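Quick notes on the structure that follows.
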There are 2 protein chains.
Amino acid sequence: MQRSALRELLKLTARPEMISFAGGLPAAELFPVEQVRQAADAVLGRKGGQALQYGETEGLGELRDWIAAKFSRPNLSVSRSNVIVVSGAQQGLDLIGRVLLSEGDGVIVENPTYLAALSAWRPLGVRFLAVRGDADGLRVDELDTLLVQRPKLLYTVPNFQNPQGTTLSAERRGRLVALLREHDVGLIEDNPYGELRYEGAAPPNLLDLDAGIAVQDGSGSNVVYVGTFSKVLAPGLRVGWVIAPSDVVEKLVQAKQAADLHTSSLSQHIVCELLKTGVFERQIPLLCAAYGERRDRMLAALERCFPTGAAWTRPAGGMFLLVTLPGGVDAGALLERALLRQVAFVPGREFHLDGQGRSTLRLNFSNAGPEQIDEGIRRLGELLDETQ
Amino acid sequence: MQRSALRELLKLTARPEMISFAGGLPAAELFPVEQVRQAADAVLGRKGGQALQYGETEGLGELRDWIAAKFSRPNLSVSRSNVIVVSGAQQGLDLIGRVLLSEGDGVIVENPTYLAALSAWRPLGVRFLAVRGDADGLRVDELDTLLVQRPKLLYTVPNFQNPQGTTLSAERRGRLVALLREHDVGLIEDNPYGELRYEGAAPPNLLDLDAGIAVQDGSGSNVVYVGTFSKVLAPGLRVGWVIAPSDVVEKLVQAKQAADLHTSSLSQHIVCELLKTGVFERQIPLLCAAYGERRDRMLAALERCFPTGAAWTRPAGGMFLLVTLPGGVDAGALLERALLRQVAFVPGREFHLDGQGRSTLRLNFSNAGPEQIDEGIRRLGELLDETQ
């Protein structure tokens, strides 16, 4: 499937009669619309000129300070100079590629992984080195053969990975940060879903674990962290951030200046207002309750409706799970027939390197409501029964 | 001056006691703040979910249709498929570079020209070929020696160019589009200031003139046009557009998807609302009256306060003029002393290729009020008198 074909698919799924497990959309009915309206009203009333004027490329100082404070720990001092505000996490990935990667550089990625990270970096002429994952995330024990190829970076989504929904275990996290330092390989930690945890305790960020080593040997950070307000507040605002050593931030700022001058001032001011009025903190439990229920509904429906031999991941959070179908079913062909019954998903092959994942499908459980989830999975199960 | 030094300078100019002719800022006191507040209120009230959700990479259909209609002529049919919404015109330039330029490609640019176009394209490893300008804009008669080098593109800001404020004459426009077609060189028309005209009639867009030839010989367009809502509505919304042949738009969309997924949905919905409620049309005469007065004040103050032998451009619109100082005065050294007297500008060398423009300064006349313009130019004149 071409990127453009996938985009056309996602447009199709916007039809109201379609039950879509395809996109990576949050549930629009849970957006804090009224609070955003009040926030827009407040910032335009109080400082309209500023909220509509050109702004600094690195982002609003107040917002950078909030992010710095949120990530600071006893072992990890994050200051404003370590933070750049970006136009969504996707821009963070794009700028990181421009600043840190050159033609021929190796980048270790999970297989499967977040598609748009590959799209952002592929034009740079980098080599992707694939490492498998399992229920505990990236197989750190299989990195050795890749590390001898002297890659530049490793890219990972450690929490509720897209497309698998799996989370890197605490034990593997410690080994990963140490191993990458040993081999002088930088670590890109992409964490869009971290706040959306429906069970269990959160393992520490790779950024924190790396800082623990840095404190012992007096070195700098080896991690560039990418975050976003898209999942907890609203993606349509397009506000994310990158945390990095200040010399890297300075380079990111120069690249961003050429890319789009700065992120929407109005969006940044609105986000600041939502942080100050506690909307961000209040959204988290609300989203976790709703999405956790949807995850449970989907897992139960899969159990009920999918054929013996089908397997799926059981994410502790996030927005996705990955199903593996038995008997070599082609998920691409299945999709064509599913669309006729008004159900959509993304074939898992889209997220795999080397043409793998033919019999896998990524299912999003954050966008459709509980009843739609039951009905959509029922229809897919019916289709699979007919296929067998 | 490093880019970072220039950015630091522009931060300095944000101090309230500073009279700044440095940045390219519109006047914040003229922003339609109350109308933006009402627009935000209306779109969040009416379709909050949509305005805060992920959107299509190519931009809001309604907004693309408005842009297509605005640029359609009897000879020039612009449809939705010819338009991509971008996160400010700067992103348009960045994406154009990614899609149309490769290492080693030649790009003809005016000397001096808009700095950030160079910043966006320089990392691609392109060769810039400089052509002079005069009071009638780019010297089309001097292009021959550059065209034999088989460049890929020519980039121009035909109206009220940044930094010179000059406008390409109607006669030269016709010759330029024909010449570029003849040599198979693509044309990038960057027109952020076109609506801000304070006197005289507007010559046709290069996009239109090129379409006139295309209609005769049945060929496609040779022009990619970049526009923005930043100057008429507000730059803090970060909404611009690119008009191009649909196959080029499709490539721009793919590049944009990797760059930032899409432009802020909220900003796009607000812009749509401001278009529908006539705010865009009402802002133009209002801004032209105010900025036209400021331009006149600056021209009069220069006449009064600047030494014999100094020369400057007389822009018919836009936001900038360029001063050339007599006697080889170093504008960079002048700036250091000007800052001590709380006046800022950008040394013209920043906009020149090949280290030219040492004795030139770019003055912005849209941001400071009329009294500030009088006082700021008086102080600069005083400084110049002391220097002689």
B:Leu129 being modelled with pLDDT of 95 or more and part of a helix (DSSP H, G or I): no
Test: residue in region B:141-164 that is buried (at least 19 other Cβ atoms within 10 Å of the Cβ), more than 24 Å from A:Ala259 (Cβ to Cβ), more than 13 Å from chain A (Cβ to nearest Cβ) and among the β-branched types (Val, Ile, Thr): no
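Taking the conditions exactly as written (within 23 Å of B:Glu110 (Cβ to Cβ) and in contact (Cβ under 8 Å) with a residue 60 or more places away in the chain), does B:Leu302 satisfy them or not? Give the derivation first.
Values: within 23 Å of B:Glu110 (Cβ to Cβ): yes; in contact (Cβ under 8 Å) with a residue 60 or more places away in the chain: yes.
Judged against the criteria, B:Leu302 is a match.
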Residue ID - farthest from the other protein chains (Cβ to nearest Cβ), chosen from residues in region A:43-69 that are assigned to a helix (DSSP H, G or I) and among the acidic types (Asp, Glu): A:Asp65
Matching residues in region A:256-271 - criterion: being buried (at least 24 other Cβ atoms within 10 Å of the Cβ) and either hydrophobic (A, V, I, L, M, F, W, C) or assigned to a helix (DSSP H, G or I) (or both): A:Lys256, A:Ala258, A:Ala259, A:Asp260, A:Ser265, A:Leu266, A:Ser267, A:Gln268, A:His269, A:Ile270, A:Val271
Which listed residue is modelled with pLDDT under 95, out of contact with any Lys or Arg (no Cβ under 6 Å at 6 or more places or on another chain), farther than 21 Å from B:Ser265 by Cα and outside the structural domain of A:Leu52 (by TED's automatic domain parsing), from A:Gly292, A:Gly327: A:Gly327
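Going residue by residue through region A:196-219, is there one that turns out to be part of a strand (DSSP E or B), within 16 Å of the chain's Cα centre (by Cα), under 24 Å from A:Arg173 (Cα atoms) and more than 12 Å from chain B (Cβ to nearest Cβ)? Steps first, answer last, please.
Restricting attention to region A:196-219, the residues satisfying the condition of being part of a strand (DSSP E or B) are A:197.
Remaining after also requiring within 16 Å of the chain's Cα centre (by Cα): A:197.
Remaining after also requiring under 24 Å from A:Arg173 (Cα atoms): A:197.
Next, from what is left, pick out any that are more than 12 Å from chain B (Cβ to nearest Cβ): A:197.
Checking region A:196-219: at least one residue is part of a strand (DSSP E or B), within 16 Å of the chain's Cα centre (by Cα), under 24 Å from A:Arg173 (Cα atoms) and more than 12 Å from chain B (Cβ to nearest Cβ).
Looking at region B:224-247, which of its residues are away from every other protein chain (no Cβ under 14 Å) and surrounded by fewer than 23 Cβ atoms within 10 Å (Cβ to Cβ)? Let's see the steps before the verdict.
Looking only at region B:224-247, we keep the residues that are away from every other protein chain (no Cβ under 14 Å), and these are B:224-225, B:227, B:243-245.
Matches in region B:224-247: B:Pro245 only.
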Among (1) modelled with pLDDT of 95 or more; (2) under 23 Å from A:Val223 (Cβ atoms); (3) within 11 Å of another protein chain (Cβ to nearest Cβ), the one test that A:Ala116 misses: (1)
Helices (runs of 4 or more DSSP H) fully within region A:273-388 counting 3 or more residues that are in contact with a strand residue (DSSP E or B) (Cβ under 8 Å, 6 or more places away or on another chain) and closer than 21 Å to A:Ala202 by Cβ: A:279-305
Residue, nearest to the other protein chains (Cβ to nearest Cβ), within region A:19-42, restricted to residues that are of a type in the set (Val, Ile, Thr) and within 13 Å of A:Gly236 (Cα to Cα): A:Val33
Given (1) free of Cβ contacts under 8 Å to residues at least 60 places away in the same chain; (2) part of a helix (DSSP H, G or I); (3) in the same structural domain as A:Leu361 (by TED's automatic domain parsing), number of the condition A:Leu9 does not satisfy: (1)
Residues of region B:119-161 that turn out to be within 14 Å of B:Leu353 (Cα to Cα), of a type in the set (A, V, I, L, M, F, W, C) and touching an Asp or Glu at 6+ places or on another chain (Cβ under 8 Å), as a count: 3
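Table: residues versus (1) among the hydroxyl-bearing types (Ser, Thr, Tyr); (2) under 16 Å from B:Leu12 (Cβ atoms); (3) surrounded by fewer than 20 Cβ atoms within 10 Å (Cβ to Cβ).
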position	(1), (2), (3)
B:Gln342	no, yes, yes
B:Leu353	no, no, yes
B:Gly357	no, no, no
B:Asn364	no, yes, no
B:Asn367	no, yes, no
B:Glu371	no, no, yes
B:Asp374	no, no, yes
B:Ile377	no, no, no
B:Gly381	no, no, yes
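Does at least one position in region A:91-102 carry a residue that is assigned to a loop (DSSP other than H, G, I, E, B), modelled with pLDDT of 95 or more and in contact with a Leu (Cβ under 9 Å, 6 or more places away or on another chain)? Please lay out each step first, then the result.
First pass over region A:91-102, keeping only residues assigned to a loop (DSSP other than H, G, I, E, B): A:101-102.
Filter once more, keeping what is modelled with pLDDT of 95 or more: A:101-102.
If we keep only those that are in contact with a Leu (Cβ under 9 Å, 6 or more places away or on another chain) as well, we get A:101-102.
Within region A:91-102, one or more residues are assigned to a loop (DSSP other than H, G, I, E, B), modelled with pLDDT of 95 or more and in contact with a Leu (Cβ under 9 Å, 6 or more places away or on another chain).
Any chance region B:15-26 includes a residue that's outside the structural domain of B:Asp210 (by TED's automatic domain parsing) and touching a Lys or Arg at 6+ places or on another chain (Cβ under 7 Å)? Walk me through it before giving the result.
Filtering region B:15-26 for residues outside the structural domain of B:Asp210 (by TED's automatic domain parsing) gives B:15-26.
Going one step further and asking which of them are touching a Lys or Arg at 6+ places or on another chain (Cβ under 7 Å), we end up with B:26.
Yes: one or more hits.
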Hits in region B:27-81 (condition: within 28 Å of A:Gly45 (Cα to Cα), touching a Lys or Arg at 6+ places or on another chain (Cβ under 8 Å) and modelled with pLDDT under 95): B:Gly48
Odd one out for B:Ser81, checked against (1) in contact with a helix residue (DSSP H, G or I) (Cβ under 6 Å, 6 or more places away or on another chain); (2) buried (at least 20 other Cβ atoms within 10 Å of the Cβ); (3) farther than 24 Å from B:Tyr193 by Cβ: (2)
Filter result (of a type in the set (Ser, Thr, Tyr) and within 22 Å of the chain's Cα centre (by Cα)) within region B:256-284: B:Thr263, B:Ser264, B:Ser267
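What do you reckon, is A:Gln161 in the same structural domain as A:Leu76 (by TED's automatic domain parsing) and either of a type in the set (Val, Ile, Thr) or in a loop (DSSP other than H, G, I, E, B) (or both)? Can you show your working first?
Values: in the same structural domain as A:Leu76 (by TED's automatic domain parsing): yes; either of a type in the set (Val, Ile, Thr) or in a loop (DSSP other than H, G, I, E, B) (or both): yes.
In short, yes.
The values are calculated or read from the model by the stated rules, or taken from the named source; none is laboratory data. Not measured: the values here are computed from a predicted model. Cβ atoms come from the backbone with ideal geometry, glycine included; neighbour counts cover every protein chain shown.
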